[in-house]
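Here's a structure for you.
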Amino acid sequence: MTKNYNTSMNSITTVDPPSADATKVAHCSTVRPKKFKKILILNAVLLLLIANNLLAQVFGGNPSSMQWRQVNNKTARVIYPVGLDSVAQRVANVVACFQPSIAKTIGDRYKPVSIVLQNQSLISNAFVQLGPYRSEFYMTPSQNSFELGSLPWVDQLAIHEFRHVEQYNNFNVGLSKVFRILFGQQGQELANSLVVPNWFWEGDAVFNETQTSLQGRGRLPYFFNAYRSLWQEQKNYSWMKLRNGSFRDFVPDHYALGYMLTAYGREKYGDDFWKNVTHDAASFKGVFYPFQLAVKKYSSTSYEVFRNDAISFMQRQLTNGASISTTEHFLGDQEFPNYLPDGRLLYMSSSYKQIPRFVINNNGVEKKLRVRDISLDNYYSIRNNKLVYTAYRSDVRWGYRDYNEIKLLDINTGAQRTVTHRSKYFSPDINEGGSQIVAVAVFPDQRNELHILSADSGNVLKRIPNKDKLFYTYPKFYKNNEVIAAVRDSKGEMSLMMINTDNNQHKVLIPFSWHIIGFPQITGDTVFFSASAKDKDELFALVLPDAKLYKLQSPLLKGVTGNYQLVSGNGKMAWANFSAVGMRLKETSTTSVTWVSVDDFNAPNRYDFGVNALSNKQTSDLLDKVGDSSYPENKYSKGYKLFNFHSWRPAFEDPDYYYSLFGENVLNTFQSEIYVDYNRNEKYKKIGFNAIYGDLFPYLSAGVAYTFDRNGLGKYHRIYWNELEASAGLSVPLNLSRGRNITRLSIGSFYNYNSSYFQGSYKDSIGTIDYGYLNNTISFSNQIQSARQNIYPRFAQTLTLNYKTAIQKYTANQFLASANLYWPGLFINHSFVINLAFQGHDTLRHPFTFSNGFPFSRGYQAENLYRMYKWGVNYHLPLFYPDWGFASIVYFQRVRANLFFDYTNAQDFYSNRSKFDQNFRSTGTEIFFDTKWWNQLPVSFGIRYSYLLDDDKFGGTGHNRWDFVLPINLISR
């Protein structure tokens, strides 16, 4: 949530002219410019703790043309784009009903929240945050109902995210409240995150969505597949590994873990258990490990025993005792199998080492067909050697707006082309003749339709009216004029449905129920599909002529995890099974599969997995009790509370001590900061203001600062001055990503003004020096996708260009160019990186110097010299994966190394104008540790040893240098 506004403030520092000492490089006799950059320690920790929110929110992400409205009640202000009136009313009704009804299970403190409905993005997501206090709902549902359920998406978001709102409101107690008083909203967020583990935040919210609705993830078999797979395969990971994950093994996320622990806590100790535990934890009762102490207090057992009992309890509910033993690490996912006409098997493959790609398996031998373009999911469809899928593409400027474009891949030639542009399609299928594509179209106004498209031009040939407001998933061509799809109705119940594309008639093939249905595949007159059946996701077959439904049984289908994506052909069947080493394909002959007739498929499918606490009378099925009140609607002004100061942050980078008041409006289009700074060395004081506005095509930024009592050593005496700095500029962040590449370009230009007011005896001799300069920047990065274990992408490039030039009184300039080129190493997770850089400035003598951004050879003391050329080579490689931690404080996931060589040539002039020309070469190694702290905070740090091959002209004697390193990754993960 923090932006560095002072991109323009690479300040010029006023100094006396250099002396005529010919033994020194001229620039070394000047006062070194002070860094304007402040490392905000409190804020850095806070940003790590709320990294999920950072990934979700987008600064200035909506088009300027968007108009906003609002619905208000005592519980929330729902802010929404024009056209989502009914959706906003539904959200307002849900939270108004839920707030008083569920307060008893967590606490009755409450402050109304702002909820922003984002309808431009195709990503299914939502978040709640403090700083500023708000929630955002991303309004496009996922096609895969197995993962999140089939509840209406707006209801799912409202009941889950509103639980987080309740959590924040009720965790503002004790020392957390003191943090809020001292540091604002983000102070409370920091305190809460330090003592309440992330598994509780999400587990409690999942329990709430399950208890208050007819479904929720706590009733979905898919939700428990992860832990069932570990138990089935006897992978008994340590608690810290379950909490922190792994680079080499599949470890479930904290959602499922959190649900199991919170469900057990309610089951064993009642509905007030977690209310009491989290109140004490957020109050910091006990100071050290307050959450663990609170669990022990209210359960009368240790935290370790409690969590072991909770996991054992859920294991008994979720498994049947059968198990197999495997020592394999994560192998990778194999998904969506399809038989080619010649019998070969095509599927999606991805792993911790390899990015997603289409592969063809011929008798056990895999051959890559093509790396898949960047996509939101792995679904695709084929027919007659034509493969269709959707690829994700961001808008060039507006981060909330994105697209799903249909791609058509010829399996025989490997050639791919884009069928639709700037479209919003999901789950395409191609017909037998290869001339038409059917896909699910989603719209910002929440409409959902089936479109029949031309496979050649991408033009829409037919739009299927959706009068019943169904949500279509995974449509498949059955005959030339019929499509079969899994659909959800407005309640959230699901069915298989046949749609006639000539007359738009919809025919229900399976009665609507709470069974999750998905991944239909058609062979002849039989529809194969996956569906939830009590405690497990099973494979079914529907024979269309006689409407007979069968469940498929086979020895290979046994187990406690689900089976999905079945396809039949050439006398064989293949499907994907969830396992602890990945989603793995299984294959058998059609004759070895038994078809068991199903007569009661529409029977109720509410399965609580033995958690009786879900039947709490106060809140059970609360979603059904939501009313339909009509709340007042009116315009929401984009200028509302632009200066929304919510947090204040202390920080220091010796010798600077810094305190800022930070603000951001709810729409995330304006950020502002007021700060004070004290420098211990010079004893100067600074006050300043920075702001950035992101609602226009370019970002507009401005800042002003006044410094009191600056001082520096002149030619003969110490001089004193006050300094006024001001800046204004614009930048344009562009996202040029498409296909298989993630590409970003940012262009900016900033005007900086500096006026120095000299004091004492220099007031008359020097007076006031003022000047202005332009700081122009271009930043470019391009990369392919990277897999989990890849240290860097196998191909990537970054380029930074910076040109500063004085435009008032003086003639001065400085140019910097820096590039990084990433290449594959000898092995899959190795990276070979080349660094190139050049910096140069004018030779004129000025009463100031530009700040230095040149990446000097490692180990040396860097100076800003007339001409500097640098090249360097790096070889990054993983060493080992410890998967080991200590006392729930630090957990080591990976140890990696970098071998490097740097070469810098620097040229300048002595004060007698003789030439200075020196090489600065160094070689060495860096050892990095990828860690998690307190089971939540990802931190990478390292130790660097540099051996200097040349004398360090500016940093003392000796050739051996050691440094502590906090690496900054310029490449996306």
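Rule-based calculations on the coordinates, nothing more; no lab input. Owing to the predicted nature of the structure, the values given are computational and were not obtained by experimental measurement. Positions of Cβ are generated from backbone atoms using ideal geometry, with glycine treated the same way; all protein chains shown enter the neighbour counts.
Give me the dipole magnitude in Debye, nearest 20, for the range 373-514 about the Cα centre, with unit charges on the beta carbon: positive for Lys and Arg, negative for Asp and Glu. Can you show the working numbers first?
Working: 19 positive and 16 negative charges, 42 e Å.
Computed charge dipole of the range 373-514: roughly 200 debye.
Determine the principal axes of the Cα atoms in the range 373-514, then give the extent along each, sorted from largest to smallest and rounded to whole angstroms.
The Cα atoms of the range 373-514 stretch 41, 37, 25 Å along the principal axes, largest first.
Okay, next question. Divide by every residue of the chain the summed helix terms, -39500 (n - 2.57) for each DSSP H run of at least 4, and state the resulting mean residue ellipticity at 222 nm, rounded to the nearest 500 deg cm²/dmol. Mind showing how you got there, number by number?
Working: 15 runs with 164 residues, N = 973.
After summing the helix terms and dividing by the residues of the chain, the value is -5000 deg cm²/dmol.
Follow-up question, since we're still on this one. So for the range 473-621, averaging the separation of alpha carbon pairs under 8 Å that are six or more residues apart and normalising by length, what relative contact order in percent results?
On the way: 292 pairs, mean separation 23.8, N = 149.
The value is 16 percent.
Summing +1 for each Lys or Arg and -1 for each Asp or Glu, what net charge is found among the other residues whose Cβ lies under 13 Å from the Cβ of Leu230? Before the final figure, lay out each step's value.
Numbers: positive: Arg228, Lys235, Lys241; negative: Glu233, Asp249, Asp253, Glu328.
With Lys, Arg at +1 and Asp, Glu at -1, the neighbours total -1.
State the Kirkwood hydrodynamic radius of the chain in Å, one decimal place, computed from all pairs of distinct Cα atoms.
Values: mean 1/r = 0.0321 Å⁻¹.
Evaluated on the chain, it is 31.1 Å.
May I ask you to derive the relative contact order of the chain, considering only C-alpha pairs under 8 Å and at least 6 residues apart, and to give it as an integer percent? Don't skip to the answer; put the middle values down first.
Working: 2433 pairs, mean separation 117.3, N = 973.
Value for the chain: 12 percent.
Now for a different question. Relative contact order for the range 373-514 using alpha-carbon pairs under 8 Å, separation at least 6, rounded to a whole percent?
Values: 336 pairs, mean separation 19.4, N = 142.
This gives 14 percent for the range 373-514.
Right, something else. Of the options Asn244, Leu157, Asn308, report the single residue whose Cα projects farthest towards the positive end of the charge dipole of the chain (beta-carbon charges: Lys, Arg +1; Asp, Glu -1).
Going by the Cα projections, it comes out as Asn244.
Starting with the fewest neighbours, write out Arg357, Arg217, Arg944 ranked by other beta-carbon atoms found within 10 Å of each beta-carbon. Could the numbers behind the result be given before it?
Details: Arg357 16, Arg217 23, Arg944 19.
If I rank by nearby Cβ atoms, fewest first, I get Arg357, Arg944, Arg217.
Once each part is reduced to its C-alpha centroid, what is the distance from the range 375-410 to the range 236-277 in angstrom?
Here the answer is 35 Å between Cα centres.
For the charge dipole of the range 373-514, defined by +1 on Lys and Arg C-beta atoms and -1 on Asp and Glu C-beta atoms about the Cα centroid, which residue among Ile452, Phe477, Met498 has the Cα displaced farthest towards the positive pole?
Of the options given, the answer is Ile452.
Limiting things to C-alpha atoms, what are the Rg and the maximum Cα-Cα separation (Dmax) for the range 812-874, in angstroms?
15.2, 52
Counting only residues 5 or more places away or on other chains, whose amide H sits under 5 Å from the amide H of Val251 once H atoms are built in the peptide plane?
Ser246
Starting with the highest mean, order 244-256, 631-643 by the number of other Cβ atoms within 10 Å, averaged over the residues of each peptide.
Values: 244-256: 19.8, 631-643: 14.2.
Highest-to-lowest ranking by the protection proxy: 244-256, 631-643.
Based on the mean of other beta carbon atoms within 10 Å per residue, what is the order of 219-231, 697-709, 555-567, 607-619, most packed first? Please list the in-between numbers first.
Numbers: 219-231: 23.5, 697-709: 18.2, 555-567: 20.8, 607-619: 15.8.
Ranked by mean Cβ neighbours within 10 Å, highest first: 219-231, 555-567, 697-709, 607-619.
Express in whole angstrom the spacing between the alpha-carbon centres of the range 561-598 and the range 869-942.
48 Å
Another question about this same structure. Which percent of Cα-Cα pairs in the range 681-835 sits in each 5 Å bin, short to long?
Histogram of Cα-Cα distances, whole percents per bin: 2, 8, 12, 13, 13, 12, 10, 9, 8, 7, 4, 2, 1, 0.
Would you mind ranking Trp871, Trp575, Trp398 by Cβ crowding within 10 Å, fewest neighbours first? Kindly include the intermediate steps, with their values, before the conclusion.
Working: Trp871 16, Trp575 27, Trp398 19.
Final ranking by Cβ density, sparse to dense: Trp871, Trp398, Trp575.
Calculate one ³J(HN,Hα) per residue across the range 327-344 by plugging θ = phi - 60° into the Karplus curve 6.51 cos²θ - 1.76 cosθ + 1.60, and present them in order as whole Hz with x for glycine and proline.
With coefficients 6.51, -1.76 and 1.60, one gets 10, 6, 7, 4, 8, x, 9, 10, 9, 6, x, 8, 7, 7, x, 8, x, 5 Hz.
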